[in-house]
Structures are given as C-alpha cells and as structure tokens.
Amino acid sequence: MRMTVILWALTGAAGLAMGARDSCVECHSALSGDLQAPAVQMENDVHARRGLGCAACHGGDPSSDDPQVSMSRARGFTGKPNRLTIPKFCARCHSDAAFMHRFQPQPRVDQYAQYMTSIHGKRIASGDAAAAVCTDCHGTHGVRAVKDPLSPVHPLRLPETCGRCHADPQHMAKYGIPTNQLAEFRKSVHWEALEKRGDLSAPSCASCHGNHGATPPGVATVAAVCGTCHVLMQQLYDKSPHRPVFDAMGAAGCVVCHSNHAVLRTSPAMLAGPEAVCSRCHDATSAGGLAAAQMGASIQKLNEALNRSRSILDEASKAGMEVSEAVMRTNDAAEALVKARVAVHAFDPKAVEQPVQEGLAVAAETYQAGVDAMRERDRRRIGLGVSLIAILITMAGLWFTIRRLESQPR
Amino acid sequence: MAQERRSILRWLLGTGFTASIISFIYPAIRFMNPPEAPEAAVNEAPAGNVSDLKPNSAKIIRFGSRPVLLIRTSETEWRAFSAICTHLNCTVQYQQAERQIWCACHNGLYDLNGRVVSGPPPRALEEYSVRVRGEEVVVARRA
Amino acid sequence: MAGGGFKDAREWLQERLCLGSIQEFVAHKTVPLHSATPWYFFGGITLFLFVIQVLTGILLLLYYRPTPSEAYESVQFIMTRVEFGWLIRSVHSWSANLMILSAFVHMFSVVFLHSYRRPREVTWLSGIVLLGLSLAFGFSGYLLPWNTISYFATKVGTDMAASLPWIGEPLARFLRGGEDVGGATLTRFFGFHVAVLPGAMTLFLLLHLALVQKHGISSPPKVEQEARRASKPIPQMAFFPNFFLRELMAWYAALGILGALAALFPWELGVKADPFAPAPAGIRPEWYFLAPFYTLKLLPSHVWFIEGELLGLLAFGLLCVFWALLPFWAVNRAGALRTRLVTGAGVALLSYLAVFSALGYWR
C-alpha cells in the first residue's frame, strides 16, 4: 500500500513537472463548497509548487477524467486519511532524508521523532483524536512555508493557531489544564514586540515550548528557555541566593517572579510597594524585604531623575532652545537604568547601586544642561525686551518728529 | 518752550536710534567672532593613541554624540562600528575570547564585519573607517 | 572747525558724485496723499526685508557649509555654538517669509490701486519677475539646512517640475544636478541662492526702482477722477522727510517684529535628512507654495486623457502668464480701464490663494 502511494506520488510529481494534467484540480475546481475549497487552496501550497499534487498524498490517478478510475482503490486512492494516521502519513516523506534532499540541501527530518515525544504525539499514539496532528497547525491544503506571514505557524499567527484548542475550554475540558495561556500571552511584552513592532526575534509559543516536540518547559528547562536571550539575568540569577532556594522548592526560576505567559513590563513597583513581587515571600522587616525595598528605592530614584531631565529638556526644546546633544546624553542615563534593572537579578543592593550612581551622575549633568538652556532662553527674552525698548523709543522719536514737522506752518 | 521740546525730541530720537543700532550691530559683531571650537561637522573623531589599546581589545569612543566601538583586532588592524545595537539600541561590547561583538540586552551577536551572527538584531552595525596617523588613531565616517 | 570740515567733505563728494542732482530729485519727490496712502509702504518694506536677508545671509555664509555631510551640522553649529547664531539664523528664516508675504501684499495693493496702468507696465512686469525671484530664493534656501522637511519638499518640488511635457525631465535634471536630490542639488541650490539669484534680483530691483522714481508714485483712478472734478491737484506729501520718516517707523516696526519672532519662535533645526528613509507623512512645502500644492492634491489622477498633475501645472503656468500680462488686458480696445474686471480678478486670486493655503496648512 505504501509503495503504491509513493509510486503514484512520484509519477504524479513527474507528470505535473512535465506539465501533465491534474484531473483532481480540474474537476474539483468546478465543484462548490467543501469539495471545491481544497482545489483552490492548492494554488498556494508548497507541495503543489514542488510538483506534488493531490495524488501525492491521496493517491489515485490524476491523468484520468473518469472518477471511477481516478479515485479507485486500484490506483492507490486513499481518500480522506484518518486523523490518527496523519502524523505517520506526513512522516512518510518528511522523515525520509533521501526524499527530502530532493527539495532542500539541508532538510529537517526529525519532526516526527520529536512529535512522538510531545504530549500531542503521545495522546495520538494512545488513540485520542482530539490532540493536534500535523494538519491542525500547518493546514491541509494550501500549506505555506513557516516564513510566510500567511502561514498559521508563522510567529505572528502561531499564538492564534495554538489557541484554537488551548484557549477552548470545551476542547480542553478533559485534560484538566488551564485555558488562559493565550489571553495571558497577549498581555505580555513578548506579544507586544511581535505584534506592535513586528520584531520576529521575540518569542512566540514555539520559541519556549518547542514546535514538534511541544512540551511545557519543566522546572529544569525554564532556565534554558529564558536565558537564551536574557543571558545576563540568567547568569546573575544562577549566582544569586535565589537559585538554590528555588531549585530546592521545585520552583521554576524566572517564572516565579515574571510569570510564564503574562510576562509584563518590569518596573520598580515589582520590588517595593503594594504590588511588589518580593513581598509575596519576604517579610518587610526581613533581610530580603529590606534589600528589596532598598533596590526598589534606588531604581525609582534613577527613574525619577531621568524623567526630570527629560522633561526639562523637553520644555527647553519646546521653547526653541537647541538641546539635541543633551537629549542624546540622556540615553546614557537610560542605559544605566537598564543595567541597574538587570543587576536586580543578583538580589544584592550593592550590585544595583553601582549603575544607579553612574546613571544619577549623567541625569544630573543633563538636568543641568536643561537648566542652562532655560536660563539662556530667559537671557534672550531680556535681550529682546531691551532691543524692543530701544526700537519703541526710536519710533516714538520719529513719531513726534513727524508731528512737529507737520504742525509747523510751511 | 518749543526749544526745550525740540531738544527733548532730539534726545529721544538720538538715544533711541543709537541704542537700536547698537542692539543690531552688537550681535552681528559677536556673531562674526568664531567660537572656541571652530569645527562644525563631526566627520572625524580622535580615538586616543595607538598604545591605548592592546591587540584583541576594544573601547567605546564618542563620535559626535554617538558611541562607536573601536576594536584593535591585531597589531596593525583596527575596526570601528556603531556601538548602538540594531535591535533595541543597547550599547554593544567586544568579547575578547570569542572575537565577537555582543549585545548584553538580548544576546545578539555580530562578527568582526559588523554582520549579525545570531540573535534578534535585524541589521548589521554601521561601519566606520579607522586611520592611524603616527601615534594617533582617528575614526571617521565612511564616505 | 568740525562743522566746516563736514561741509567741505560734502562739497568734495557732491562735485564728484553729482550728489546735487540726486538731492534735487529727492527734495521734489512726493507721494500722493489719500485714504490708501499706507499701502505705499509695502514696496519699501519688501526692499528693507530683502536688505535684511542679504546682511544676515552674508553673516550665515561665514559658517555654513554646503555639503550633505556638513550642511545640517553647520546650521546646528550656528544655532548652538556661535554667539547670536540663533538670532541671525532665525531672523534670516523669518524675514524670508515676511518678505514674500510683503511682496504679495505689495503686488495686490498695486492691483487694487491700479498702479499698473500706462506708463507703468514695465514696472509691473519687472515686479512680477522680482516676485518670481523671491519665490526662487525661498525654494532654493529651503533646501540648505538639509533636514528631512527640506529634502522632501525639494524632492516633491523637482518631481513636479519633471512632470512638465518636453522640458520637464531636462529641467528637473538641471535643478537637481542629477537624477535624484542629493549633494549635487545642494551645491547648485547654494550657488543659485547666494550668487545667481542675488545678481538677477539686484538687476531687476535697480530697473524696478529706477522706473518707480522715473514715473513717480501713481494715484488710484478714483482719486484722479475726484481731483479732476474738483479742479484741484491731488494732495501730496513730501517724500523727504515726511514720508521717509514714516517709512523709517515702519521699518523699525518690522525690525521689532523680526526680533520678537526670532527670540520667541526660533526656527527649528529639524532632523538631518536621510535620503534612504521613507518620506514622513504630511510633507508639505512652505506656506507660499501651499495653494498650488493643495490644488494639485485635489485634482483627480486623470482628467480626460491628460494626467491630473500635468493639467494642474499647465493651468498654473497659464495663470502666471495671464497675471503677468495684466496691464495689457486691463485696458479695453479704446484704451479705457477695466477697473472692475481687474478688481474682481484680484479679489478672486487673493481669495483662492488665501483659502487654498489655509486648506493646505490644515489638511
């Protein structure tokens, strides 16, 4: 059976490549609704583009117009495959290194192997047809490359695709896992980077969970996930007192404070104040609590100094003063702020203090530049006033001279 | 009486005229006097002496108002790139062991041609030209 | 004695420079006195503002560098490092706008007071040329700071020139110094702005002023009619010192306004031009080009078989030629004045310019 399909697939491919007719597409394009849709979708399909038509997967004989012939079992027609057999079905080609090599010099052929390690794969193997198979994510007809923005597995569309099942309470009811991940992810800075800035380097579902071997990262592997981009935070955390404690607790490192899906923008409010994350465990008077309060206060101080600088420079700029160099310099203070917030992950106020002090120095310098600019603006206004007075006196003089000239009899 | 008024008028006109002329001429004359640092454009920036950097080391210098990463790759070879990462504008640094340029913010990596090796940066780093004049190292914009 | 020395010097100069005849002329020069007399100031104000432009322009020349890599930085240098640089530069930019505004006011006052009549047709024509030169000054000077707005305004402007039939492409290449707006354009515009245009302007100014002195100041037809009916001469004011003192007051007022504008609303530096960046949204030219700009935006892409933009440009061209020839169609075959027609045309043009400039600014 397998041999038949492959043989017909190759024939079909050769046929299509040579420009032979594809009766499947011809007939089905003339139908309507669900029977027509696949034929239309195949126009954009990566398989079709490489010469693998309908018969490559469904079997049958695309050279015959007679439905009895083209869709006969004798010619290898398999019809609509059973969901549970789809992964193996796709793997017939996609796990065959020699076959895939015809289309790409460096093909990946481990997708099926990875899939079988995933929760989806395991559930399919045990006969649960509700779990995801290849076609659920990649589409059936009209499969596009992952890079294609219209592909359901493109980073920008992936959350929506995963959410089709994972955000559906009815579908997920029997598995007992939460269905709020998509909603949470949409609140995160990662989704903001993807959607608003189009920054494709930001993580989508597959970046942390893996794609074919999709599994929630365990406690041990969360570090591998976050630390791939956030290297410095990871390194500092590893050396910090939190690491051994969280490991012992079986708590998943970064996720404890930053959450897994709803990774929000950080702020000093996470360290100190009513919304503080630290106070969830640390008592206000404990060593940890005091350290958190200190770090929070430090960073808040730099934050405020930077805002003060920015606002006075903005005021000066609006008043027409040229302060572009000072404005550029505030970026150095902003960078110090970033460094300080990274240093928080050492959970040591001394580590945070150093960049904060550097930043405060720059902020003070730029604030002074703003003050000087405003002073210069005032000086200009005074200068203007003086010259206007001189002008008005002259105009008065001219006016009276004219009056005198014209009041005299000629 | 008329005589007095005439002289007040003359004073008014004279003083006003003189004061206003001075308020026009004074700025013009001060303008013509060149300021301390007569260079307007920053096409070049001094980057210290040859002896300041050892081979396979780097430092950040100021080019106008922007940071530039100056790398001494060998005894005789120098490279310079914009130190602003093309991902989210953090300042990059040189990694001596790996001989690569690294951005600490999101682990972006560039090679010694400024091109992206891995990580989120979308574009290469802008390259600057380095000239060694005797003992002095000068970084200039690539024309 | 000092007084005597001064008198000797005057006599020495008088003999050599024929100052005597000039003095005679000025002493007899008069200005008609009537309700519309204040409008006579605007020619002088325009001239005064032009002199301000030349003086501040010469000062700016001490520091400006006309290359893409240095132009923006040199203007920044002037604004931040040079003492009173901000003042000279802002005065130059504001005065440019005020001068063009004043030129338009002067032109419209000539139209409504009907001063273009015989024998002043050539004065009118030279005035139209001067207006055109002022607009050219504005267009060329606008590019020199080399910021985003200048760059794209020049690009749009030269693109419009390119769309003219036959001469369009060569004209655009001549203006740009190449295929695109770039360093070559900057060099050319700088050359036009500081050498070619000032030279042409000076020539036409001398012609315009000489003609004005020759023909004297004209009085509006209504005033002439009144005088004829009452058999009385039109009341006149001596130019020197009466009118001149008043004009000095106007000039001083202009100086005060310029100073206030420069100090309270300094001209912005903008962002350095990046030819590779996309044009920012809402690019529009300076106000004096807004009316034609907005009109072109409104035109459909094709009218009949002609491209909309081309039709618009040709229409403007025709309008300019038509307007320049005003003294000739303002008179009917019998030689009588069509004052109502001209006033109507003037009101129509002024309204169009005002309304479309406003629309172009706010849309």
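Key figures
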quantity: Additional length obtainable on full extension of the chain from C:Phe25 to C:Ser69, 0.36 nm per residue less Cα span; calculated: 10.6 nm
quantity: Binned Cα-Cα distances of region A:65-223, short to long, each 5 Å bin given as a whole percent; calculated: 1, 8, 13, 18, 20, 16, 11, 7, 3, 2, 1, 0
quantity: Lys pairs, chain C - Cα-Cα below 19 angstrom, 8 or more residues apart or on other chains; calculated: 4
quantity: Chain C: mean projected area of Cα convex hull, nm²; calculated: 23.9
quantity: Cα shape, chain B, gyration tensor, a/c 1.5 rule; calculated: prolate
quantity: Estimated 222 nm signal from helices in the protein assembly as shown, with DSSP H stretches of n ≥ 4 weighted -39500 (n - 2.57), rounded to 500; calculated: -18000 deg cm²/dmol
quantity: Solvent-accessible surface (1.4 angstrom probe) belonging to C:Thr295, in square angstrom, nearest 10; calculated: 30
quantity: Those chymotrypsin sites (Phe, Trp or Tyr not before Pro) in region C:278-338 that DSSP places in a loop and that have at most 13 other beta carbons within 10 Å; calculated: C:Trp304, C:Phe305
quantity: At 1.567 mPa s and 4 °C, Stokes diffusion of the protein assembly as shown via Kirkwood alpha-carbon radius, µm² per second; calculated: 36
quantity: Debye equation applied to the C-alpha atoms of region B:67-123, log10 I(q)/I(0) at 0.21, 0.22 Å⁻¹; calculated: -0.70, -0.77
quantity: Neighbouring partner chain Cβ atoms per residue of A:319-331, average, 10 Å criterion; calculated: 4
quantity: Protection proxy ranking of C:187-194, C:210-217 - average other beta-carbon atoms within 10 Å, highest first; calculated: C:187-194, C:210-217
quantity: Number of partner chain Cβ atoms within 10 Å, mean per residue of C:234-246; calculated: 2
quantity: Area of A:Cys134 that stays accessible when all protein chains are in place (1.4 Å probe, Å², to 10); calculated: 40
quantity: Apportionment of accessible area to carbon and sulfur, chain A, percent (1.4 Å); calculated: 61
quantity: Semi-axes of the equivalent ellipsoid for region A:36-151, Cα gyration tensor, largest first, Å; calculated: 24, 19, 15
quantity: Semi-axis lengths, Å, region C:228-294, gyration tensor of Cα atoms, sqrt of 5 times eigenvalues; calculated: 46, 21, 8
quantity: Residue-normalised accessible area of region C:29-283, expressed per residue, 1.4 Å probe, Å²; calculated: 45
quantity: Three-way shape label, region A:150-240, alpha-carbon gyration tensor, a/c 1.5; calculated: oblate
quantity: Rg(Cα)/(2.2 N^0.38 Å) for region A:217-264, N = residue count; calculated: 1.04
quantity: Lysine pairs in chain A with Cα atoms under 16 Å, if 8 or more residues apart or on separate chains; calculated: 8
quantity: Mean projected area in nm² (Cα convex hull; one quarter of hull surface) for region A:182-326; calculated: 11.9
quantity: Accessible area (Å², 1.4 Å probe, nearest 10) - B:Ile8; calculated: 100
quantity: Residue of A:Asp34, A:Asp128, A:Asp45 that the Gaussian network model of chain A assigns the largest fluctuation, springs spanning Cα pairs under 10 Å; calculated: A:Asp34
quantity: Within region B:60-113, trypsin sites (Lys or Arg not before Pro) in DSSP loop having at most 12 other beta-carbon neighbours inside 10 Å; calculated: B:Arg99
quantity: Kirkwood Rh, Cα atoms: Rg over Rh of region C:196-317; calculated: 1.14
quantity: When the convex hull of its Cα atoms is projected in every direction, mean area for region C:1-113 (nm²); calculated: 12.4
quantity: Per-residue average of Cβ from other chains inside 10 Å of A:398-407; calculated: 6
quantity: Under the span-like rule (Cα at least 20 Å along the axis, Kyte-Doolittle mean at least -0.5), DSSP H helices of chain C; calculated: C:41-61, C:85-112, C:121-143, C:148-162, C:197-215, C:244-264, C:308-324, C:339-362
quantity: Separation of alpha-carbon centers, region C:1-70 and region B:51-106, rounded to whole Å; calculated: 60
quantity: Sorted largest first, extent of region A:270-377 alpha carbons per principal axis (Å); calculated: 51, 23, 15
quantity: At most 13 other Cβ within 10 Å, DSSP loop - trypsin sites (Lys or Arg not before Pro), region A:61-152; calculated: A:Arg102, A:Arg108, A:Lys147
quantity: Accessible area buried between chains A and C, both sides summed, probe 1.4 Å, in Å² to nearest 100; calculated: 1900
quantity: Cα gyration tensor shape of chain A, rounded if a/c is under 1.5, else prolate or oblate by comparing a/b with b/c; calculated: oblate
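The values are calculated or read from the model by the stated rules, or taken from the named source; none is laboratory data. Predicted model, so just to flag it, every value in this text is computed and none were measured. No Cβ is skipped: glycine too gets one built from the backbone with ideal geometry, and neighbour counts run over all protein chains shown. With ligands, DNA and RNA removed, areas are computed over all heavy atoms of the protein, side chains included. Shrake-Rupley method; radii C 1.70, N 1.55, O 1.52, S 1.80 Å.
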